[in-house]
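A.B. asks: This structure is in C-alpha cells; I'll ask about it shortly.
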Amino acid sequence: MSLSLIEEGAKKSSVLWISLAGRDRLAWHVWHDGAIYVVTGGEEQSLPGLADASRVRVTLRSKDNGAELVSFEAGVEVVDQSALSETEAGAVAALAKDRLNAVDAEGLTARWAAGSSIVRLTPAVAV
C-alpha cells in the first residue's frame, strides 16, 4: 500500500472509519499535507479514546458502492491548538471550511480550541 493510494481515497471521501476499542466509528475528516485530521469532543463528533491512542486502524471506503478501498494503521497525535504550526493552521482552516452545518461558523475554531481536540492521523506506510 502506498501513501498516494491513501491520499487519493481520503481526498475522494469526506468520511472514514476509525477502529476504537474494537468498534469502527464513522468520522468526517480532511486530508492535509500527508495526514488525516479529525475533530473530536465538545460539540463535535464523539470518538472516545482517540486522543489517548497512539495508533489506530483507519478504513477508507468508496463513495460509489461502500466497498473498502484501503485499510491502514495510523499514528495518532493531538494537535496543540495554542501553538499551531503553519501546516496545522492550514489543516484547521480546511477542517473549518469542510465542517457542514456549523451553527457558529465565525467562532468555530475558537470553540474547538476551548472544548474539542484536533487529531492528526499519520498513515504508517513503508517508503
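A.B. asks: If you count, for each residue, the other Cβ atoms within 10 Å and average over each peptide, how do 24-33, 64-73, 83-92, 6-15 line up from highest to lowest?
C.D. replies: Packing proxy ranking, top to bottom: 24-33, 6-15, 83-92, 64-73.
A.B. asks: I would also like to ask the following. With runs of 4+ DSSP H residues as the only contributors, calculate the mean residue ellipticity of the chain at 222 nm using -39,500 (n - 2.57) per run, divided by the residue total and rounded to the nearest 500.
C.D. replies: Counting only the DSSP helices, I get -7000 deg cm²/dmol.
A.B. asks: I'm checking a number: the convex hull volume of the Cα atoms of region 58-127, normalised per residue, in Å³. What is it?
C.D. replies: That works out to 129 Å³ per residue.
A.B. asks: For the charge dipole of region 24-90, defined by +1 on Lys and Arg C-beta atoms and -1 on Asp and Glu C-beta atoms about the Cα centroid, which residue among 85, 59, 74 has the Cα displaced farthest towards the positive pole?
C.D. replies: 59
A.B. asks: Tell me, rounded to the nearest percent, the portion of alpha carbon pairs in region 1-86 spaced more than 19 Å apart.
C.D. replies: When all Cα pairs of region 1-86 are counted, 37 percent exceed 19 Å.
A.B. asks: Still on this structure: Determine the relative contact order of the chain: mean sequence separation of Cα pairs under 8 Å and six or more apart, normalised by residue count, in whole percent.
C.D. replies: Across the chain, relative contact order equals 32 percent.
A short reminder: the numbers here are calculations on the coordinates, not readings from a lab. The structure displayed is predicted, hence computed values, not measured ones. Every residue, glycine among them, receives a Cβ derived from its backbone with ideal geometry; neighbour counts consider all protein chains shown.
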